[in-house]
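Each remark here refers to the structure printed beneath this line.
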Amino acid sequence: MPLLRQLEFISVGQALRLPPPDPATEAVAVPSRGLDVEATAREILRSLGATKLASELRVEWNARLKTCAGRADYRSKLISLNPQLVHNPSEIDRTLLHELAHILAQFRAGRRRILPHGTEWRQACCDLGIADEKCCHNLPFRVSERARRYLYKCPHCQRDFPRVRRIKRAVACLTCCCVHNGGEFDARFRLRLVR
Ligand SMILES: [Zn+2]
Ligand SMILES: [Zn+2]
C-alpha cells in the first residue's frame, strides 16, 4: 500500500528533526510535526472514500498522554498522539492507523453505538492495512510502570504493591504487620493479586 510507505517516510523524517526529549522544547516543536501527520491521515481517509470525515479530522501531539500511545475522540474528530512516539517512528504510523480505525469505524456506523474494539473497528483496521492490530493503546517501550504488570494490594490498608514478577511466597504488608502484629508475619495482611 503506497500510502503507508509514504506515511512511514514522513514520520521518519519528523523524528530526525526532533530536539532532545526536553518537555519545554518539545511543546514548541510538536505542533509543526502535527500538520504532516494530519495531512497523511486525511489522505488515507480520502483514499477510503471518507471525504467529509477527512476534511474534519484533526491530529494533535498531546504531551499530557502518559502511558497511552494515542487517543481518538470521534465527537471532536480529534486524534491525539503521545509525543514519546517519536522515539520509535514506526509506532507513530501504527498508532495513527489504530486511532484512525476508531474514527472510521464510528463514522461508518453513524449514530449506532459500537464497541471500541468490536467488529466495526476490526473491519476498519483491515481497510487501513493493519488487520492484525491489537486492542492496546499503551506505549510499547520505555515506560517502566508497564513492566510492573502484577498489582498486589494489602487487604487491610489497601496499599498498592506493583511488581514485575508474580510473588511466589507468602508476603504480607509490612506496615500492617508492624502496626497490628508487632512486625511479625500475619496472614490477615497477606498481599492479594488484583491484576
Ligand atoms: Zn483502540
Ligand atoms: Zn497494609
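What the table below lists for this structure:
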item: ³J(HN,Hα), Karplus 6.51/-1.76/1.60, whole Hz, each residue of the stretch 53-63, x for Gly, Pro; result: 4, 4, 6, 8, 5, 10, 10, 10, 9, 10, 5
item: Integer Hz, Karplus 6.51/-1.76/1.60 couplings in order for the stretch 102-113, x for Gly and Pro; result: 4, 5, 5, 4, 5, 4, 5, 6, x, 7, 5, 7
item: Net charge over other residues, Cβ less than 12 angstrom from the Cβ of residue 55 (K, R count +1; D, E count -1); result: +2
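Bear in mind that the values in this text are calculations on the coordinates, not laboratory data. Remember, it's a predicted structure, so these values are computed and weren't measured experimentally. When we count neighbours, we look across all protein chains shown, and the Cβ atoms used for this are built from the backbone with ideal geometry, even at glycine.
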